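Asks: Please see the structure below; I have some questions.
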Amino acid sequence: MMPIPRCGHPNLGLGVGLRTVHFPYLLRHQPEVDWFEVISENFIDSHGRPRYVLDQLAERYPIVMHGVSLSIGSTDPLNLDYLRKLKSLADAVQAKWVSDHVCWTGVASRNSHDLLPLPYHEQSLQHVVERIRIVQDVLQRQLVLENPSSYVTFTASTMSEAEFVARMAEEADCGLLLDVNNIYVSSINHDFDAFEYLDAIPAHRVVQFHLAGHTNLGTHLIDTHDNHVTDPVWELYRKAHLLTGGASTLLEWDAKIPPFPIVHAEVMKARNYMSSALSSFASQPANDQPQANSTVLTSISSTVPHPATAIFAEVE
Amino acid sequence: MANRVPQPLDVIQRWMQSVIVHPAGVAAGIKSASKTGEMEQGADRLEELICRSRAQTSIERLEVYSNAYKARLIDVLIGDYPAFVHALGEEAFVGLASGYLEVHPPVSYTLGELGRSFADYLIQTRPPNESEDGSPDWADFLIDLARLERCYSEVFDGPGIEELPPLDSDRFRHLPPEQWITSRLVAAPCLRLAVYRFPVHEYASAVRHQQDPESPIAEVTRLAIHRREYVVRRTTIDAIQFDLLTRLVEGASIGQALEQLIEGNSQAVVTADELSAWFRDWAAAGFFIGLAT
């Protein structure tokens, strides 16, 4: 039987990550945007303006929920209260799907609020697969999981990240959110071929793509979400689009966030990369390989990987 | 790729977390973990666990997570406490916040909980008040500022009244006196009453409006903090209004609240017209959402 593309999910088109700085613009202008992705944790407990805005947008736009605290790879027990809140919000806003990351965020009851990498071996794979099944039971829907950007690898790993992600998706029957920028960042940091990574992913499992900007620190790349998408990432996106036949595509911009039209225009560039032919880049080295003489950014706060998107009070 | 039996996942995770959140950095974290934990992975043997890259050592790679942990959480606290940061200065705040995070590390799935205990931490770690007359000092000002800004965060995203019908202030006017006395007001879930030792609300508003306010002189300040149209509002109230509102919020009937007010404030003189105006204003501001007769 032919596998169903995108695990049966629709291709929503080109979307934007919802961020609070854009709330006034979105409510006032109701721009033509295909869909929005929200950070689940910013809304599951909200009884204030964030939830109000989300409800308004959900009436007009398709909504996808993207979490950062599921901690699917942690050895702590799953937080069932959190999962129930996820389900409740997903039902309320009729989320098209619910996603999170292949990572762990903390252990021993702590949450580092970071997306920490796993060693990739049989033990961790079975651990994650089992937990995905539990989550899918509680949510009563298929989970979609994203490949993280990472800055360390473990000697204990017995398989590549791509193999781990591919086997995880097949064994747990979950969807994949392929973050093309994350693949690129990790490929530079860990010295693997990003195009081979794409080849190893079961294309029919890819429900969604993420695009974002990153920062070159000279010795490594950081997934900062604070700038335009770089050319090598666009070229990876071109191939990913070709392999999958296309999937919902979303731009994340979480630091130094420009006005909404600029963010939206960035994701609209994706249309330029939906042609079937690969550009000559595929056979060329990436243009932002870490170099000893690269400009090194020193401000800590400007180089935080996947910066937190928190909610802050509005006061008269 | 390795072929030997890996360390159990929970052991790896506890080790990595303890290393990247260690306040003195990764090297100190590794040293500390090797003394106390299940993994004796000293810095000299780190590459047996964490691969090095072409450009970075294993320890440098772990430092990416260590630096990000602290920077990310402090960025969130800066967003939660903008006026506090303005008053103290960002450099000093980073030091203070680092100490706070050691004592109160994040445990919730939401960053909204990160700053919950910040004011309590300040109270517990404050320097002694050395003023001769015990009058409020700089530390008291900072503590009150932190209390206010936490209150703003809770009111902003907590339950509110926007979806509820407004309480009709005419109901006060047309209520027969005997019913008026026995009625109880239902407080809005977003109403908070608080006393501060400084006019911290003015300082906080000035900072939020991009101004550079002077630190205020101590002055007892009573606030009703509430929310309307999803924006946090604050109203200055006097001591008698604060007393009366507190009793009403605690569930006293209007008659009981007034009686207690008079008992506790023998000098209080409030005319019926004033009372009527207060109740009308409070209803219009959304302090109350119901009148149980």
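So that you can scan it fast, the table gives a plain yes or no per residue for (1) within 22 Å of B:VAL195 (Cα to Cα); (2) under 16 Å from the mean Cα position of the chain (by Cα); (3) not assigned by TED's automatic domain parsing to the domain that holds B:GLU219:
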site: B:ILE59; (1), (2), (3): no, no, yes
site: B:LEU88; (1), (2), (3): yes, no, yes
site: B:TYR109; (1), (2), (3): no, no, yes
site: B:SER117; (1), (2), (3): yes, yes, yes
site: B:LEU122; (1), (2), (3): yes, yes, yes
site: B:PHE141; (1), (2), (3): yes, yes, yes
site: B:ASP144; (1), (2), (3): yes, yes, yes
site: B:ARG150; (1), (2), (3): yes, yes, yes
site: B:GLU154; (1), (2), (3): yes, yes, yes
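Asks: Kindly indicate whether A:VAL53 is among the β-branched types (Val, Ile, Thr) and in contact (Cβ under 8 Å) with a residue 40 or more places away in the chain.
Replies: Answer is no for this residue.
Asks: Across the stretch A:62-79, which residue is farthest from A:PRO10 (Cα to Cα) among those that are among the hydrophobic types (A, V, I, L, M, F, W, C) and part of a strand (DSSP E or B)?
Replies: A:MET65
Asks: Show the residue pairs meeting these rules: Cβ distance below 6 Å; 6+ apart or different chains; first residue within the stretch B:204-233 and of a type in the set (Asp, Glu); second residue open to solvent by 10 Å² or more (accessible area, probe 1.4 Å).
Replies: Listed by first residue and then by second, the contacts come to B:GLU219/B:PRO199.
Asks: Filter the stretch B:190-229 down to residues that are more than 18 Å from the chain's Cα centre (by Cα), within 12 Å of another protein chain (Cβ to nearest Cβ) and more than 28 Å from B:THR271 (Cβ to Cβ), then give me how many there are.
Replies: 3
Asks: Given the stretch B:130-204, what helices (runs of 4 or more DSSP H) lie entirely inside it while holding 3 or more residues that are open to solvent by 40 Å² or more (accessible area, probe 1.4 Å) and at pLDDT below 95?
Replies: Here the list reads B:170-174, B:177-182.
Asks: Related question: Check A:VAL233, A:VAL315 and return the single one that is modelled with pLDDT of 95 or more and under 30 Å from B:VAL76 (Cβ atoms).
Replies: Sole residue among the options that is modelled with pLDDT of 95 or more and under 30 Å from B:VAL76 (Cβ atoms): A:VAL233.
Asks: Are any of the residues in the stretch A:227-240 more than 21 Å from A:LEU116 (Cα to Cα), in contact with a strand residue (DSSP E or B) (Cβ under 8 Å, 6 or more places away or on another chain), among the polar types (S, T, N, Q) and surrounded by fewer than 24 Cβ atoms within 10 Å (Cβ to Cβ)?
Replies: Yes, the conditions are met somewhere in the stretch A:227-240.
Asks: Now a separate question. Take A:LEU12 and decide whether it is touching a helix residue (DSSP H, G or I) at 6+ places or on another chain (Cβ under 8 Å) and either within 19 Å of A:LEU251 (Cβ to Cβ) or modelled with pLDDT of 95 or more (or both).
Replies: Taking the combined requirement at face value, the residue does not satisfy it.
Asks: When you scan the stretch A:140-156, how many residues do you find that are open to solvent by less than 30 Å² (accessible area, probe 1.4 Å) and within 19 Å of the chain's Cα centre (by Cα)?
Replies: Residues in the stretch A:140-156 being open to solvent by less than 30 Å² (accessible area, probe 1.4 Å) and within 19 Å of the chain's Cα centre (by Cα): 10 in total.
Asks: How do the pairs read when you match residues in the stretch A:193-206 that are closer than 12 Å to A:LEU236 by Cβ with residues anywhere that are surrounded by fewer than 16 Cβ atoms within 10 Å (Cβ to Cβ) and of a type in the set (Gly, Ala, Ser), using Cβ under 7 Å and keeping only pairs 6 or more apart or on different chains?
Replies: Pairs found: A:PHE195/A:ALA282.
Asks: Search the stretch B:27-50 for residues being farther than 14 Å from A:THR153 by Cβ and among the β-branched types (Val, Ile, Thr), and hand back the single one that is least open to solvent (accessible area, probe 1.4 Å).
Replies: Among those that are farther than 14 Å from A:THR153 by Cβ and among the β-branched types (Val, Ile, Thr), it is B:ILE30.
Asks: I'd like the full set of residues that are open to solvent by less than 60 Å² (accessible area, probe 1.4 Å) and either aromatic (Phe, Trp, Tyr) or at pLDDT below 95 (or both), limited to the stretch A:21-32.
Replies: Within the stretch A:21-32, just A:PHE23 meets the criteria.
Asks: Those residues that are of a type in the set (Gly, Ala, Ser), outside any loop (DSSP other than H, G, I, E, B) and within 30 Å of B:ASN67 (Cβ to Cβ), I need them from the stretch A:88-135; list them, please.
Replies: A:SER99, A:SER124
Asks: Name every residue in the stretch A:30-53 that is part of a loop (DSSP other than H, G, I, E, B) and facing chain B (nearest Cβ under 9 Å), in order of residue number.
Replies: A:ILE44, A:ASP45, A:SER46, A:HIS47, A:GLY48
Asks: Say we look at the stretch A:128-139 and pick out the residues that are open to solvent by 10 Å² or more (accessible area, probe 1.4 Å) and within 14 Å of chain B (Cβ to nearest Cβ); which of these is farthest from B:VAL107 (Cα to Cα)?
Replies: A:GLU130
Asks: Hey, any hits in the stretch A:5-20 for a residue that's polar (S, T, N, Q), open to solvent by less than 30 Å² (accessible area, probe 1.4 Å) and farther than 19 Å from A:PRO307 by Cβ?
Replies: Looking through the stretch A:5-20, none of the residues is polar (S, T, N, Q), open to solvent by less than 30 Å² (accessible area, probe 1.4 Å) and farther than 19 Å from A:PRO307 by Cβ.
Asks: Right, another one. Which residue is farthest from the other protein chains (Cβ to nearest Cβ), if the candidates are limited to the stretch B:51-86 and must be surrounded by 22 or more Cβ atoms within 10 Å (Cβ to Cβ) and either in contact (Cβ under 8 Å) with a residue 60 or more places away in the chain or not in a helix (DSSP H, G or I) (or both)?
Replies: Checked the stretch B:51-86; the qualifying residue farthest from the other protein chains (Cβ to nearest Cβ) is B:PHE84.
Asks: Can I ask one more? From A:VAL64, A:VAL53, which residue is aliphatic (A, V, I, L, M), modelled with pLDDT of 95 or more and crowded, with 22+ Cβ neighbours inside 10 Å?
Replies: A:VAL64
Asks: Among the candidates A:LEU83, A:LEU89, A:LEU115, A:LEU125, which residue alone is of a type in the set (A, V, I, L, M, F, W, C), open to solvent by 10 Å² or more (accessible area, probe 1.4 Å), within 14 Å of chain B (Cβ to nearest Cβ) and farther than 19 Å from A:LEU12 by Cα?
Replies: Of A:LEU83, A:LEU89, A:LEU115, A:LEU125, the one residue that is of a type in the set (A, V, I, L, M, F, W, C), open to solvent by 10 Å² or more (accessible area, probe 1.4 Å), within 14 Å of chain B (Cβ to nearest Cβ) and farther than 19 Å from A:LEU12 by Cα is A:LEU115.
Asks: Continuing with this model, one more query. In this structure, is B:VAL220 open to solvent by 50 Å² or more (accessible area, probe 1.4 Å), closer than 30 Å to B:VAL85 by Cβ, of a type in the set (Val, Ile, Thr) and at pLDDT 90 or above?
Replies: Yes; evaluated as a whole, the condition is true for this residue.
The values are calculated or read from the model by the stated rules, or taken from the named source; none is laboratory data. Here the structure is a predicted model, which means the values were calculated and not measured. No Cβ is skipped: glycine too gets one built from the backbone with ideal geometry, and neighbour counts run over all protein chains shown. Quick note on the areas: whole protein, heavy atoms, side chains included, nothing else; ligands and nucleic acids left out. Shrake-Rupley method; radii C 1.70, N 1.55, O 1.52, S 1.80 Å.
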